[in-house]
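Everything on this sheet refers to the single structure shown next.
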Amino acid sequence: MKNVTITLDDETAARARVKAAERNMSLSRYIGEVLREHTRGDDEYERAMRRWLNRKPVVLRRPGERYLTREEIYDRVAMRRIDEAARKKGKRS
């Protein structure tokens, strides 16, 4: 374990003391846990990013098919028809 000296303004120090007391901890232990929790988030982010980047690519089209145009992608009327057909199909099954 490493000893570190930190400087806090009076208001932050008072709030930290109250939070530590609410958890029945020393101020030192409370600050250590807050820092550990804060830095653990970075590790979780890195793991999530690695999982995302290791995913297999999504097939957007089959060989010989063309990509949708911007107009086709944002054609709300057509999307509503597709959604409605999918809902009807789901109700029958």
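The values are calculated or read from the model by the stated rules, or taken from the named source; none is laboratory data. Just so it is clear, the structure is predicted and the values come from calculations on it, not from any experiment. When we count neighbours, we look across all protein chains shown, and the Cβ atoms used for this are built from the backbone with ideal geometry, even at glycine.
The figures follow:
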read-out	value
Unique residue being within 30 Å of LYS2 (Cβ to Cβ) and loosely packed, with under 10 Cβ neighbours inside 10 Å when the list is GLU46, GLU33, GLU37	GLU37
Yes/no for ARG66 being of a type in the set (D, E, K, R), more than 30 Å from THR5 (Cα to Cα) and within 25 Å of the chain's Cα centre (by Cα)	no
Segments classed as helices (runs of 4 or more DSSP H), wholly inside the chain, with at least 2 members that are modelled with pLDDT of 90 or more and among the aliphatic types (A, V, I, L, M)	10-22, 27-53
Test: residue in the stretch 35-51 that is over 30 Å from the mean Cα position of the chain (by Cα) and free of Cβ contacts under 8 Å to residues at least 40 places away in the same chain	no
Residue count for the stretch 69-88, restricted to those that are within 28 Å of the chain's Cα centre (by Cα) and exposed (fewer than 10 other Cβ atoms within 10 Å of the Cβ)	0
